[in-house]
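The values are calculated or read from the model by the stated rules, or taken from the named source; none is laboratory data. Keep in mind it's a predicted model, so treat the numbers as computed, not measured. Methodologically, a virtual Cβ is constructed for each residue, glycine included, from the backbone with ideal geometry; neighbour enumeration extends over all protein chains shown.
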Amino acid sequence: MSNAPLMPKATAVWLVENTSLTFDQIANFCKLHPLEVKGIADGDVAAGIRGHDPITSGQLTREEIERGEQNENHQLALSVSKVVMPEVKKSRGPRYTPLSRRQDRPNAILWLVRNHPELKDAQIMRLVGTTKATLKAIRERTHWNAAALTPMDPVTLGLCSQIDLDFEVSRAAKDRPAVVEDRSQTLVPASVTTGVRAEPSTTEDVFGKSTPAPQIEDEHFDAASVFGKRKDSDAEA
(Lines give C-alpha, C1' and ligand atoms only; values in the text may rest on other atoms or scores of the structure.)
Protein backbone atom coordinates (compact mmCIF):
# COMPACT_ATOMS: atom_id res chain seq x y z
CA MET A 1 0.00 0.00 0.00
CA SER A 2 2.86 2.37 -0.79
CA ASN A 3 0.64 4.23 -3.31
CA ALA A 4 -2.23 4.67 -0.83
CA PRO A 5 -2.79 8.00 0.95
CA LEU A 6 -2.13 8.49 4.61
CA MET A 7 -5.17 7.71 6.76
CA PRO A 8 -7.13 6.24 3.82
CA LYS A 9 -10.44 5.91 5.65
CA ALA A 10 -10.33 9.51 6.95
CA THR A 11 -9.40 10.67 3.43
CA ALA A 12 -12.38 8.76 2.01
CA VAL A 13 -14.65 10.48 4.54
CA TRP A 14 -13.44 13.88 3.39
CA LEU A 15 -13.81 13.02 -0.31
CA VAL A 16 -17.35 11.73 0.23
CA GLU A 17 -18.34 14.86 2.10
CA ASN A 18 -16.58 17.48 -0.04
CA THR A 19 -16.51 16.16 -3.63
CA SER A 20 -18.79 14.61 -6.20
CA LEU A 21 -16.44 11.76 -7.01
CA THR A 22 -17.95 8.33 -7.50
CA PHE A 23 -17.62 5.59 -4.94
CA ASP A 24 -15.40 3.62 -7.30
CA GLN A 25 -13.03 6.56 -7.78
CA ILE A 26 -12.76 7.15 -4.03
CA ALA A 27 -12.38 3.43 -3.33
CA ASN A 28 -9.62 3.09 -5.94
CA PHE A 29 -7.75 6.11 -4.62
CA CYS A 30 -8.05 5.14 -0.94
CA LYS A 31 -7.56 1.41 -1.57
CA LEU A 32 -10.93 0.55 -0.05
CA HIS A 33 -13.84 -1.55 -1.23
CA PRO A 34 -16.62 0.36 -3.03
CA LEU A 35 -19.19 -1.04 -0.58
CA GLU A 36 -17.10 0.33 2.28
CA VAL A 37 -17.14 3.76 0.66
CA LYS A 38 -20.91 3.45 0.20
CA GLY A 39 -21.19 2.59 3.89
CA ILE A 40 -19.23 5.76 4.72
CA ALA A 41 -21.71 7.79 2.64
CA ASP A 42 -24.65 6.11 4.39
CA GLY A 43 -23.13 6.70 7.84
CA ASP A 44 -22.82 2.98 8.59
CA VAL A 45 -19.00 2.91 8.36
CA ALA A 46 -16.35 5.16 9.91
CA ALA A 47 -18.77 6.76 12.30
CA GLY A 48 -16.98 9.39 14.37
CA ILE A 49 -13.94 9.52 12.06
CA ARG A 50 -12.96 13.07 11.20
CA GLY A 51 -12.25 13.63 7.50
CA HIS A 52 -8.68 14.26 6.42
CA ASP A 53 -8.09 16.83 3.65
CA PRO A 54 -5.67 15.29 1.12
CA ILE A 55 -5.14 18.69 -0.55
CA THR A 56 -3.62 20.39 2.51
CA SER A 57 -1.43 17.36 3.15
CA GLY A 58 -0.13 17.46 -0.43
CA GLN A 59 -1.45 14.03 -1.38
CA LEU A 60 -3.95 15.25 -3.95
CA THR A 61 -4.33 18.43 -6.00
CA ARG A 62 -7.53 20.33 -6.56
CA GLU A 63 -7.05 20.07 -10.32
CA GLU A 64 -6.87 16.30 -10.04
CA ILE A 65 -10.16 16.24 -8.12
CA GLU A 66 -11.82 18.46 -10.75
CA ARG A 67 -10.66 16.16 -13.53
CA GLY A 68 -12.16 13.22 -11.65
CA GLU A 69 -15.43 15.03 -11.12
CA GLN A 70 -15.68 15.85 -14.83
CA ASN A 71 -14.83 12.31 -15.95
CA GLU A 72 -16.05 9.41 -13.83
CA ASN A 73 -13.63 7.07 -15.60
CA HIS A 74 -10.65 9.13 -14.50
CA GLN A 75 -8.59 7.47 -11.78
CA LEU A 76 -7.17 9.81 -9.19
CA ALA A 77 -3.39 9.82 -8.97
CA LEU A 78 -1.56 10.32 -5.73
CA SER A 79 0.70 13.40 -5.79
CA VAL A 80 4.41 12.80 -5.56
CA SER A 81 5.86 14.34 -2.43
CA LYS A 82 8.54 16.95 -3.02
CA VAL A 83 10.06 16.25 0.36
CA VAL A 84 12.73 13.57 0.24
CA MET A 85 12.38 11.42 3.31
CA PRO A 86 15.64 9.94 4.61
CA GLU A 87 15.93 6.21 4.54
CA VAL A 88 15.33 4.67 7.91
CA LYS A 89 18.30 2.58 8.87
CA LYS A 90 17.48 -0.60 10.66
CA SER A 91 19.13 -0.96 14.00
CA ARG A 92 21.77 -3.62 14.04
CA GLY A 93 20.60 -6.51 16.17
CA PRO A 94 22.76 -8.85 18.18
CA ARG A 95 25.32 -10.81 16.21
CA TYR A 96 24.22 -14.34 15.38
CA THR A 97 26.64 -16.99 16.59
CA PRO A 98 26.48 -20.46 15.05
CA LEU A 99 25.67 -23.29 17.42
CA SER A 100 29.03 -24.91 16.77
CA ARG A 101 30.83 -21.75 17.89
CA ARG A 102 28.80 -20.79 20.94
CA GLN A 103 30.87 -22.98 23.25
CA ASP A 104 33.96 -21.01 22.24
CA ARG A 105 32.39 -17.66 23.00
CA PRO A 106 33.59 -17.48 26.67
CA ASN A 107 37.15 -18.15 25.49
CA ALA A 108 36.86 -15.28 23.01
CA ILE A 109 35.49 -12.98 25.71
CA LEU A 110 38.42 -13.83 27.98
CA TRP A 111 40.84 -13.07 25.12
CA LEU A 112 39.27 -9.67 24.51
CA VAL A 113 39.24 -8.79 28.20
CA ARG A 114 42.93 -9.62 28.57
CA ASN A 115 44.30 -8.28 25.30
CA HIS A 116 42.06 -5.25 24.83
CA PRO A 117 41.08 -3.91 28.26
CA GLU A 118 40.19 -0.59 26.64
CA LEU A 119 37.10 -2.13 25.00
CA LYS A 120 33.80 -1.31 26.64
CA ASP A 121 31.25 -3.95 27.56
CA ALA A 122 28.94 -2.90 24.74
CA GLN A 123 31.76 -3.30 22.19
CA ILE A 124 32.63 -6.81 23.37
CA MET A 125 28.95 -7.74 23.32
CA ARG A 126 28.70 -6.57 19.71
CA LEU A 127 31.80 -8.44 18.63
CA VAL A 128 30.99 -11.89 20.00
CA GLY A 129 27.23 -11.61 20.58
CA THR A 130 27.27 -12.23 24.31
CA THR A 131 25.19 -10.97 27.22
CA LYS A 132 26.21 -8.54 29.92
CA ALA A 133 25.76 -11.16 32.63
CA THR A 134 28.16 -13.58 30.92
CA LEU A 135 30.69 -10.84 30.31
CA LYS A 136 30.55 -9.73 33.94
CA ALA A 137 30.99 -13.31 35.17
CA ILE A 138 34.10 -13.78 33.04
CA ARG A 139 35.57 -10.46 34.14
CA GLU A 140 35.05 -11.32 37.82
CA ARG A 141 36.12 -14.96 37.35
CA THR A 142 32.75 -16.18 38.62
CA HIS A 143 31.82 -18.01 35.43
CA TRP A 144 30.78 -21.62 36.02
CA ASN A 145 33.57 -22.82 33.73
CA ALA A 146 36.16 -20.17 34.64
CA ALA A 147 38.85 -22.71 35.56
CA ALA A 148 38.74 -24.34 32.12
CA LEU A 149 38.58 -21.17 30.00
CA THR A 150 41.42 -20.51 27.58
CA PRO A 151 41.88 -17.14 25.84
CA MET A 152 41.27 -17.55 22.11
CA ASP A 153 41.21 -14.97 19.34
CA PRO A 154 37.57 -14.34 18.26
CA VAL A 155 38.72 -13.75 14.68
CA THR A 156 40.32 -17.18 14.57
CA LEU A 157 37.17 -18.70 16.04
CA GLY A 158 35.05 -17.03 13.38
CA LEU A 159 32.97 -15.04 15.87
CA CYS A 160 33.86 -11.70 14.27
CA SER A 161 35.94 -10.36 11.42
CA GLN A 162 39.30 -8.65 11.74
CA ILE A 163 37.78 -5.48 10.29
CA ASP A 164 35.13 -5.36 13.02
CA LEU A 165 37.73 -5.98 15.73
CA ASP A 166 40.06 -3.27 14.41
CA PHE A 167 37.16 -0.85 14.14
CA GLU A 168 36.09 -1.35 17.76
CA VAL A 169 39.68 -1.13 19.02
CA SER A 170 40.31 2.12 17.14
CA ARG A 171 37.04 3.55 18.44
CA ALA A 172 37.99 2.64 22.01
CA ALA A 173 41.40 4.26 21.53
CA LYS A 174 39.77 7.51 20.40
CA ASP A 175 37.41 7.53 23.39
CA ARG A 176 40.25 6.91 25.85
CA PRO A 177 41.46 10.16 27.54
CA ALA A 178 44.92 11.32 26.59
CA VAL A 179 47.64 10.52 29.12
CA VAL A 180 49.93 13.45 29.89
CA GLU A 181 53.51 12.27 30.16
CA ASP A 182 55.26 13.34 33.35
CA ARG A 183 58.64 14.84 32.47
CA SER A 184 59.41 16.26 35.94
CA GLN A 185 62.07 13.60 36.56
CA THR A 186 64.35 12.31 33.85
CA LEU A 187 67.30 9.96 33.85
CA VAL A 188 70.77 11.46 33.81
CA PRO A 189 72.74 10.60 30.65
CA ALA A 190 75.23 7.75 30.94
CA SER A 191 78.09 10.08 29.99
CA VAL A 192 77.49 12.02 33.20
CA THR A 193 77.08 9.08 35.57
CA THR A 194 80.06 7.13 34.22
CA GLY A 195 82.41 10.09 33.82
CA VAL A 196 85.29 11.00 36.17
CA ARG A 197 84.02 13.28 38.93
CA ALA A 198 86.28 15.96 40.44
CA GLU A 199 86.84 15.91 44.18
CA PRO A 200 85.04 18.75 46.00
CA SER A 201 87.38 21.50 47.17
CA THR A 202 84.97 22.85 49.78
CA THR A 203 81.98 21.52 51.67
CA GLU A 204 79.87 23.91 49.61
CA ASP A 205 80.14 21.54 46.66
CA VAL A 206 78.59 18.79 48.75
CA PHE A 207 76.32 20.38 51.35
CA GLY A 208 75.71 23.78 49.84
CA LYS A 209 77.55 25.66 52.62
CA SER A 210 80.39 28.14 52.30
CA THR A 211 82.53 26.72 55.14
CA PRO A 212 85.98 25.94 53.74
CA ALA A 213 87.25 22.42 54.02
CA PRO A 214 89.89 21.79 56.67
CA GLN A 215 93.45 21.97 55.44
CA ILE A 216 95.39 18.72 55.52
CA GLU A 217 98.90 19.11 56.99
CA ASP A 218 101.84 17.91 55.06
CA GLU A 219 102.79 14.39 56.05
CA HIS A 220 106.55 15.10 55.49
CA PHE A 221 107.81 17.11 58.47
CA ASP A 222 111.07 17.21 60.44
CA ALA A 223 110.44 15.70 63.89
CA ALA A 224 113.95 16.49 65.18
CA SER A 225 113.56 20.21 64.53
CA VAL A 226 110.17 20.31 66.23
CA PHE A 227 111.35 18.51 69.39
CA GLY A 228 114.64 20.46 69.36
CA LYS A 229 112.77 23.76 69.57
CA ARG A 230 110.77 22.28 72.43
CA LYS A 231 113.92 21.46 74.44
CA ASP A 232 115.44 24.92 73.89
CA SER A 233 112.33 26.61 75.26
CA ASP A 234 112.34 24.38 78.33
CA ALA A 235 116.04 25.15 79.06
CA GLU A 236 115.47 28.90 78.88
CA ALA A 237 112.62 28.56 81.29
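General observations
- A108, sole failed condition from (1) closer than 20 Å to D175 by Cβ; (2) surrounded by 15 or more Cβ atoms within 10 Å (Cβ to Cβ); (3) modelled with pLDDT of 90 or more: (1)
- Close Cβ contacts (under 8 Å, 6 or more residues apart or on different chains) running from residues in the stretch 112-132 that are on the phi > 0 side of the Ramachandran plot to residues that are among the aromatic types (F, W, Y) comprise G129/Y96.
- Within the stretch 46-81, the set of residues being farther than 19 Å from N3 by Cβ and in contact with a Lys or Arg (Cβ under 8 Å, 6 or more places away or on another chain) comprises A46, I49.
- Residue in the stretch 86-105 that is surrounded by 14 or more Cβ atoms within 10 Å (Cβ to Cβ), modelled with pLDDT of 85 or more and charged (D, E, K, R) present: yes
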